[in-house]
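This report refers to the structure that appears directly beneath it.
The values are calculated or read from the model by the stated rules, or taken from the named source; none is laboratory data. Given the structure is predicted, the values throughout are model-derived calculations rather than measurements. Please note: Cβ atoms are built from the backbone with ideal geometry, for glycine as well, and neighbour counts cover all protein chains shown. To get the accessible areas, we keep the full protein, side chains included, count just its heavy atoms, and leave off ligands, DNA and RNA. Shrake-Rupley method; radii C 1.70, N 1.55, O 1.52, S 1.80 Å.
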Amino acid sequence: MTEPDPPRVIAFDGDDTLWHSEVHFQAVQDRLRALAAPWLSGDELDRRLLATERTNLTHYGYGVKSFALSSLEVLLDATDGDLPGPAIAELLGMAKELLDHPVELLDGVVETLDALAGRVRLVLITKGDLYHQWCKIEASGLGPRFERTEVVHEKDPATYRRILTELDVDPQRFLMVGNSARSDILPVLELGAQAVQIPYEVTWAHEHHDGAPHWPVLERIGDVLAYASALPEATDRR
Ligand SMILES: [Mg+2]
């Protein structure tokens, strides 16, 4: 196998690559299971919620507000429309807690971005609710480290193609770093660009990918430095 070209642009995913996200969703989903226990088993709640979230993607897109509306739909359906007001209030409270949760960076994120600065163009490509993602980018303090931040509603080949065109970078010189095979790796490889996966401790069922990875998998974000060791020195900027 030939060595890939040194990237000119390294793009990072946000949720579960730069900052924690899915652990907070799963903690709230545990509480949702308890809330739904009078009407649904935990497994049934999980199954119905995933199916409803998938159906609703075309209405709401991704994110906490979509999660909350889909949860409400599942509970209304399970109670034949007779969901008690206090349960609705608790659900809304859980969603607000998720939205207001402090942004916690993964270990090594700041050091890695600082070490890459000046050697490659750095881009952030994150998926989900526009307002919540903006809030998270702002709260992370990472915004100024990126030449460009993109909040997209779906990470598919067309989205990446648009971004690569706007960045004026050859696919071979673009490296995507992210936790999700489905969103951060496969659509990028389809364009002939490079991608490395850094799996997070938990994965949302919708993002699950079966099959062994045929792309590079790193353990932690700091490993990107060694992976991209063939990068030009800090003075050689495009
Ligand atoms: Mg992610």
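Before moving on, here are some points about what is shown:
- Checked against the criterion of being open to solvent by 10 Å² or more (accessible area, probe 1.4 Å), in a helix (DSSP H, G or I) and more than 14 Å from the ligand (Cβ to nearest atom), region 172-181 contains one or more residues that satisfy it.
- Hits in region 1-59 - residues which are in a loop (DSSP other than H, G, I, E, B) and within 16 Å of the ligand (Cβ to nearest atom): 13, 14, 16, 17, 18, 20, 21
- Residue match in region 225-238 (condition: on the phi < 0 side of the Ramachandran plot, open to solvent by less than 20 Å² (accessible area, probe 1.4 Å), of a type outside the set (Asp, Glu) and within 16 Å of the ligand (Cβ to nearest atom)): no
For every residue, the table says whether it meets (1) out of contact with any His (no Cβ under 8 Å at 6 or more places or on another chain); (2) open to solvent by less than 20 Å² (accessible area, probe 1.4 Å); (3) at pLDDT below 95.
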{"residue": "9", "(1), (2), (3)": "yes, yes, no"}
{"residue": "14", "(1), (2), (3)": "yes, yes, no"}
{"residue": "23", "(1), (2), (3)": "yes, no, yes"}
{"residue": "31", "(1), (2), (3)": "yes, no, no"}
{"residue": "38", "(1), (2), (3)": "yes, no, no"}
{"residue": "42", "(1), (2), (3)": "yes, no, no"}
{"residue": "49", "(1), (2), (3)": "yes, yes, no"}
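- Extreme residue, nearest to the ligand (Cβ to nearest atom), among residues of region 182-213 that are part of a helix (DSSP H, G or I) and among the small types (Gly, Ala, Ser): 183
- The set of residues from region 64-76 being surrounded by 22 or more Cβ atoms within 10 Å (Cβ to Cβ) and among the small types (Gly, Ala, Ser) comprises 70, 71.
- Single unsatisfied condition, residue 127 versus (1) surrounded by fewer than 14 Cβ atoms within 10 Å (Cβ to Cβ); (2) in contact with a His (Cβ under 8 Å, 6 or more places away or on another chain); (3) among the basic types (Lys, Arg): (1)
- Residue check, residue 77 of a type in the set (Asp, Glu) and either part of a loop (DSSP other than H, G, I, E, B) or within 16 Å of the ligand (Cβ to nearest atom) (or both): no
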